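**Student:** Just passing along the structure, written as structure tokens.
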Amino acid sequence: MNGKSLEWYVGFAVGMLIVIVVIALIRGLARRRGETPGEYDERQQANRGVANQRAYMTLLVTLMINAVVCGVLEQQWAKPGVDTFVCIFISIGVFIVNCIMHDAYFTVNQAPRRYLWIIGVVVACQIPATVMHAVEGSFVEDGLLTVHILPPCCLILFGIVLITLLIKLRRDKAEECEE
């Protein structure tokens, strides 16, 4: 089974199921309260477009650098597929940070403070897997990063998102106090 145990596949499936259930519960509670998802205003849509372009260009550049390093220089740094996921994580981070800093990540009706705990839970959920793989020393195998590097990548990504959101909320609060 690709070198992975049955427990790994069961754990992955249970994790995905938990994510789906939590999202369904959050949406169900929001509907019961009469909350609608809301729409992005024109300024937000424009800012999301810019963030999307930056994320896309980041993805292209990181994938090209990876192609040059792996293909031309013949220096593998990660197992196949892992390198692509690392590039995707970087691109997603660029998109989210750009959106947060330009008030385009949440719709007008959404309160960013409500999502702090969700992002914090995602960060907290990645800590056990990161620690476990660090203790096992399974991040690197035969000199290449393995799939076990993805939980720390997710931890770093959502940690950066959490910090960015906290900074943005603090700046917004300071601006409100000045007015």
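The values are calculated or read from the model by the stated rules, or taken from the named source; none is laboratory data. Quick caveat, the model's predicted, so the values are computed rather than measured. A quick note on method: Cβ atoms are made from the backbone with ideal geometry, for glycine too, and the neighbour counts reach across all protein chains shown. These area figures cover heavy atoms from the full protein model, side chains too; ligands, DNA and RNA do not enter into them. Shrake-Rupley method; radii C 1.70, N 1.55, O 1.52, S 1.80 Å.
**Student:** What whole-number value in Å² describes the accessible area per residue of the chain for a 1.4 Å probe?
**Tutor:** Value for the chain: 68 Å² per residue.
**Student:** Rounded to the nearest 500 deg cm²/dmol, what is the calculated helix-only ellipticity per residue at 222 nm for the chain, with -39500 (n - 2.57) per DSSP H run of length n ≥ 4? It would help to have the intermediate numbers written out before the result.
**Tutor:** Working: 5 runs with 127 residues, N = 179.
The helix-only estimate for the chain comes to -25000 deg cm²/dmol at 222 nm.
**Student:** Continuing with the same structure: From the residues Gln44, Gly143, Leu155, which one has its Cα farthest along the dipole of the chain in the positive direction, the dipole being from +1 and -1 charges on Cβ of Lys/Arg and Asp/Glu about the Cα centre?
**Tutor:** Checked the options; the winner is Gln44.
**Student:** Oh, and also: Note down the magnitude of the dipole of the range 42-179 about its Cα centre, charges +1 on Lys and Arg C-beta and -1 on Asp and Glu C-beta and zero elsewhere, to the nearest 20 debye.
**Tutor:** Details: 10 positive and 12 negative charges, 67 e Å.
That gives a dipole near 320 debye.
**Student:** Using the Cα gyration tensor of the range 1-125, with a ≥ b ≥ c the square roots of its eigenvalues, what is the shape: rounded (a/c below 1.5), prolate (a/b larger than b/c) or oblate (neither)?
**Tutor:** Numbers: a/c = 3.27, a/b = 1.28, b/c = 2.56.
Oblate.
**Student:** Whose amide H sits under 5 Å from the amide H of Leu144, counting only residues 5 or more places off or on another chain, with H placed in the peptide plane?
**Tutor:** Counting only residues 5 or more places away or on other chains, the set is empty.
**Student:** Would you calculate the convex hull of the Cα atoms in the range 32-98 and tell me its volume per residue in Å³? Intermediate values should be presented prior to the final figure.
**Tutor:** Values: hull volume 6.8 nm³, N = 67.
For the range 32-98, the hull spanned by Cα atoms encloses 101 Å³ per residue.
**Student:** Rounded, prolate or oblate: which fits the range 56-179 when a ≥ b ≥ c are the square roots of the eigenvalues of the alpha-carbon gyration tensor, with rounded for a/c under 1.5 and prolate only if a/b beats b/c?
**Tutor:** oblate
**Student:** Using 0.36 nm per residue of separation minus the Cα-Cα distance, give me the extension gain between Trp117 and Lys173 in nm, one decimal.
**Tutor:** Numbers: separation 56, 0.36 × 56 = 20.16 nm, distance 1.86 nm.
18.3 nm is the gain from fully extending Trp117 to Lys173.
**Student:** Going by average Cβ neighbours within 10 Å, how do the peptides 148-157, 124-133 rank, with the highest at the top? Intermediate values should be presented prior to the final figure.
**Tutor:** On the way: 148-157: 19.1, 124-133: 14.8.
Ranking, from highest mean packing down: 148-157, 124-133.
**Student:** Can I ask one more? For the chain, give the percent of accessible area contributed by carbon and sulfur heavy atoms, probe 1.4 Å, rounded to a whole number.
**Tutor:** Exposed carbon and sulfur together represent 66 percent of the surface.
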